[in-house]
Amino acid sequence: MISRDDVAHVARLARLALTDAELERMREQLNAILAHIDALRAVDTTGVEPTSHAVPQFNVMRDDEPRPCFPPEDMLANAPDRAGDFFRVPRIIEE
Amino acid sequence: MTAGKWDVVIGLEVHAQLTTRTKMFCGCPTTFGAPPNTQTCPVCQGMPGTLPVVNRRAIEYGVRTALAFDCRVNHACRFARKHYYYPDMPKNFQISQYEEPLAEEGWLEIDRPDGHARRIGIQRLHLEEDVGKLVHEGTLETAQASLVDFNRAGVPLMETVSKPEIRSPEEAAAYLRAFRAVLVYLGVCDGNMEEGSLRCDANVSLKPAGAARLGTKVEIKNMNSFRNVQRALEFEVKRQTEALDRGERIVQETRLWDADRGYTRSMRSKEFAHDYRYFPEPDLVPLKLDAAWIDEIRRVLPELPRARRQRFVAAYGLPAYDAALLTQSRALAEYYEAAVRDFPQPKLVSNWVMSELLRELPGDDERAIEQATVTPSRLAGLLRLIDDGTISGKIAKTVFETMVRTGEEAAAIVRREGLTQVADAGALAAMVASAIAGNPKAVEDYRKGKTAAAKAFVGQVMKASGGKANPAMVSKLVEAELEKLTKT
């Protein structure tokens, strides 16, 4: 079971500010998702390798060949704040 | 090292930027120093809907390094997401490796201060992507905002974690030096610590001398040179020793090295609760490295620093000291070998490279050595002029300095400045005669048995000739002349 503290902890790691009502709603939803995982757990997986990827594909790689970048103007188009061609972010408190 | 009743235990984590042309997961170039945010794309900025694709050369470089450290390359490996929140990381997670890293269990041999070699175990080697660069507006204390440049975000990084088997700050510096040399020989990293191509974090702990269990470790960050690594670790060992001697406990934490003030200070650790919530990167399918590919990479491994050093002793008959100095970088070793091919007197070439060339250039700076104005063949040309008696060794040093400045061939400088050694017996005899005639007192001294007086005459003639007289001939002429005088 996921507690309210768990939700608050994960929210803080993701820099999400949740109201008490939202915390409660997330707690319920996350627990519902976990309950679904429990349903999957009921399947007998003896002798099955843990699977991280559903597609049986490996070694998808590319050659080390440069490709054109995007212009800074495009990359900065959605920036909430900028200084020249830098993104500008609030000062970082932590050293 | 034993700090009184404590054993020092150090483990190093080294992050090396790979010298691929493009980033780890997209085709943006990795050129250093480009204008801000000109080398980015939606992939390396983590825009929704984009997909990363692994750079094959980065994997090859990782395998190459793993083989050089005698690691076990994991045929099956995969990437993972490491989550944390910091403005220099556009996706709010870093693609890294966690379970199933590229390689594990290797070693690196280091030279200890006492001259003996020692193996330091390597725990794991994995690949990941670099983050962007933050520039603070104004000073750190007064800054209201930070500026972010994502050019570096996504550049391939190779993280190599040593086992906690390093026993002193000196050994840590030796490990880093040996590590860097191997990477540079392999051509996978330029090894430039100032530009951040090579970064090092350390875990330091102390335990009661001889105890098996490790003490609480402290992580040290922000050491950006070999010297700073050693200084920071020396400070930290002292700090922990004093705390333990006072009966205090060591707190597990991350500390930052402050090079200007010369101490480590605690980072506020609240936000650094190591809660990275790793999980397999769903956007990248796992790798199954082909054994034939790994064999091929092994087959073309270049000669590594240690092997080359041993060969320099065996093949050229060089002292161990010379061999170590000359093999500190691949470029320097290659410079030396090219010069010896042109002028096959290994020890003489070694002396000139160590004293004259390294006075002008740092021996571990690949680029500087490769671009040296005095090329190996030019150095050989200079040495030939000494060998055939055209100039004296002393004059040759002046010629060398001119070569560094002007980039000319030695012969051209000698011709232009008229530095050719005077080896004409008649001309030298006249100079000797005049020196002897001008100093009857010294001749008297010589007669009374002060043979050292002969040296004074040689010196005088050398001086009178502007250093151009052939010293061996002058010496012979002076002796013959004095011999004659004493017999009369």
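The values are calculated or read from the model by the stated rules, or taken from the named source; none is laboratory data. The structure presented is a predicted model; accordingly, all values stated were derived computationally and were not measured. Quick reminder, even Gly has a Cβ in these numbers, built from the backbone with ideal geometry, and neighbours come from all protein chains shown. SASA here: full protein model, heavy atoms, side chains in, ligands and nucleic acids out. Shrake-Rupley method; radii C 1.70, N 1.55, O 1.52, S 1.80 Å.
Annotations for the structure displayed:
- Distance cut-off 39 Å, percentage of C-alpha pairs in chain B lying past it: 42 percent
- FRET efficiency, 1/(1 + (r/R0)^6) with R0 41 Å, evaluated for B:GLU401 and B:THR50 via beta carbons: 0.15
- From the C-alpha gyration tensor of segment B:305-417, square roots of 5λ in Å: 24, 15, 10
- Local net charge near B:LEU214, Cβ-Cβ under 13 Å (Lys/Arg +1, Asp/Glu -1): +3
- According to the Cα-based calculation, Rg over Rh for segment B:425-487 is 0.93, with Rh computed by the Kirkwood formula.
- Cross-link reach list, aspartates and glutamates versus B:LYS5, counting only Cα pairs under 17 Å and skipping chain neighbours closer than eight places: B:GLU234, B:GLU236, B:GLU242, B:ASP245, B:GLU248
- Taken as Cα centroids, segment B:51-90 and segment B:329-384 sit 37 Å apart, rounded to the nearest whole angstrom.
- Our estimate of slack between B:THR142 and B:LYS455, defined as 0.36 nm per intervening residue step minus the Cα-Cα distance, is 105.8 nm.
- Treating each Cα of segment B:153-194 as an identical point scatterer and summing with the Debye formula, the log10 of I(q)/I(0) at q = 0.17, 0.18, 0.35 Å⁻¹ comes to -0.56, -0.62, -1.22.
- Taking the helices alone, chain B has a mean residue ellipticity at 222 nm of -12000 deg cm²/dmol, built from -39,500 (n - 2.57) per DSSP H run of at least 4 residues and averaged over all its residues.
- Cross-link partners for B:LYS450 among the lysines, with Cα-Cα distance under 18 Å and sequence neighbours closer than 8 places in the same chain left out: B:LYS441, B:LYS476, B:LYS484, B:LYS487.
- Note on B:ALA307 and A:THR46: with the Förster distance fixed at 45 Å, the Cβ-Cβ geometry gives a FRET efficiency of about 0.35.
- Distance between the C-alpha centres of segment B:423-467 and segment B:99-153: 64 Å, rounded to the whole angstrom.
- Semi-axis lengths, largest first, of the ellipsoid equivalent to the protein assembly as shown are 63, 27, 24 Å, with √(5λ) applied to each eigenvalue of the Cα gyration tensor.
- Partners of B:LYS468 within straight-line reach, counting aspartates and glutamates whose Cα lies under 15 Å from its Cα and excluding those fewer than 8 residues away in the same chain: B:ASP387, B:ASP388, B:GLU417, B:ASP424.
- Protection proxy ranking for B:149-156, B:243-250, A:63-70, using the average of other Cβ atoms within 10 Å per residue and placing the highest first: B:149-156, A:63-70, B:243-250.
- In this structure, B:TYR276 and B:ARG112 have a Cβ-Cβ separation that, at R0 = 41 Å, corresponds to a calculated FRET efficiency of about 0.70.
- Heavy-atom accessible area per residue - the protein assembly as shown, 1.4 Å, Å²: 51 Å²
- The interface between chain A and chain B buries about 4500 Å² of solvent-accessible area in total (1.4 Å probe, ligands and nucleic acids excluded).
- Helix B:471-487 and the long axis of chain B differ in direction by around 30°, with both axes built from C-alpha atoms.
- Over 24 Å between alpha carbons, listed pairs B:LYS217/B:LYS238; B:LYS397/B:LYS455; B:LYS91/B:LYS217; B:LYS91/B:LYS163: B:LYS91/B:LYS217; B:LYS91/B:LYS163
- Quarter the surface of the alpha carbon convex hull of segment B:276-332 and you get the mean projected area, 7.7 square nanometres.
- Carbon + sulfur, % of accessible area of segment B:425-487 - ligands and nucleic acids excluded, 1.4 Å: 61 percent
- Estimated [θ] at 222 nm from DSSP helical runs (n ≥ 4, -39500 (n - 2.57)) normalised by residues in chain A, nearest 500: -12000 deg cm²/dmol
- Placing dummy labels 7 Å off each Cα toward the beta-carbon, the span from B:TYR321 to B:GLU105 is 4.2 nm.
- DSSP bridge orientation in segment B:2-294 - percent antiparallel, rounded to nearest 5: 95 percent
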